[in-house]
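Encoded as structure tokens, the structure appears first; notes follow it.
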């Protein structure tokens, strides 16, 4: 059977599969789910790039903020791993205060915001919940919440939470993205093993005041991480609709590892310079 060349997205009952024709990602298409390799970069034309204040990728036992080029401040015995799907990642041990801190945010209430993380959460019920990524720490700021049943929510440390939720398969690798403004909260989870997309949406709530920190790992020193492997994360003060999150999920890694930029680099080798009509920035080695 010859599959049609047009890739489609089939939606239904809050779940979807990125497909080629009628099949969920055949092996020839799975490369869009898997860590693409190469060096990270930032493409200002990406759908999620507007007002980005943090874009981090795992680098050994630390994390590099692509926007500043700086490494974070490490607390705890964080280890590094290489995974066949999510690539390089940091391992946050169970029930520890391990985290990596970036003082890049401003202490304020954001009227809109978008958070995303790529990783695997091993919350298997030993504790109630884990926080692989947060904006703020201690008792303030929003974060990505994953509880012991696999429910994923937008969490406000010092306030009420929207009811939007999706339930993931714990121990599977995911791209998780969520966005909220003063009206709506949207959540998307893309299973990087099989291409399944889950979505949830609800009315918004008042956002929490966050402090000046971006936190990768245990965000409040209460030992509320239960074995997370984190490869990439981001935060912006812009809002994305659910259709925009679904568009992003068609190429989840492109925010951190822009493939269109890499193609520009490759096609320009030997010409002495790399140019783009979109003003693309990329961290590349020589």
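List the residue pairs whose Cβ atoms are under 6 Å apart, where the first residue sits in region 46-60 and is at positive phi and touching a residue at least 60 places away in the same chain (Cβ under 8 Å), the second is crowded, with 21+ Cβ neighbours inside 10 Å and assigned to a strand (DSSP E or B), and the two are 6 or more positions apart or on different chains. So the pair list comes out as 51/236.
Summed over region 146-202, the residues that are in a loop (DSSP other than H, G, I, E, B) and touching a helix residue (DSSP H, G or I) at 6+ places or on another chain (Cβ under 8 Å) give a count of 2. Taken residue by residue, region 15-34 has at least one member that is part of a loop (DSSP other than H, G, I, E, B) and modelled with pLDDT of 90 or more.
Within region 120-138, does at least one residue satisfy the condition of being at pLDDT 70 or above and under 27 Å from residue 191 (Cβ atoms)?
yes
Within region 103-119, if we keep just the residues that are under 22 Å from residue 203 (Cβ atoms) and assigned to a loop (DSSP other than H, G, I, E, B), the residue that is modelled with the highest pLDDT turns out to be 112.
Answer yes or no as to whether residue 257 is part of a loop (DSSP other than H, G, I, E, B) and modelled with pLDDT of 90 or more. It would help to see each step written out before you state the result.
Values: part of a loop (DSSP other than H, G, I, E, B): yes; modelled with pLDDT of 90 or more: yes.
Yes; evaluated as a whole, the condition is true for this residue.
Based on this model, can you work out whether residue 221 counts as surrounded by fewer than 23 Cβ atoms within 10 Å (Cβ to Cβ) and at pLDDT below 90? Judged against the criteria, residue 221 is a match.
Using the structure shown, decide if residue 55 is closer than 24 Å to residue 121 by Cβ, part of a strand (DSSP E or B) and either touching a helix residue (DSSP H, G or I) at 6+ places or on another chain (Cβ under 8 Å) or modelled with pLDDT under 50 (or both). Let's see the steps before the verdict.
Details: closer than 24 Å to residue 121 by Cβ: yes; part of a strand (DSSP E or B): yes; either touching a helix residue (DSSP H, G or I) at 6+ places or on another chain (Cβ under 8 Å) or modelled with pLDDT under 50 (or both): yes.
When the stated conditions are applied, residue 55 passes them.
The values are calculated or read from the model by the stated rules, or taken from the named source; none is laboratory data. Computed from a prediction, not measured in an experiment: that's the story for all the values here. In this analysis, Cβ positions are derived from the backbone assuming ideal geometry, glycine residues included, and neighbour counts consider all displayed protein chains.
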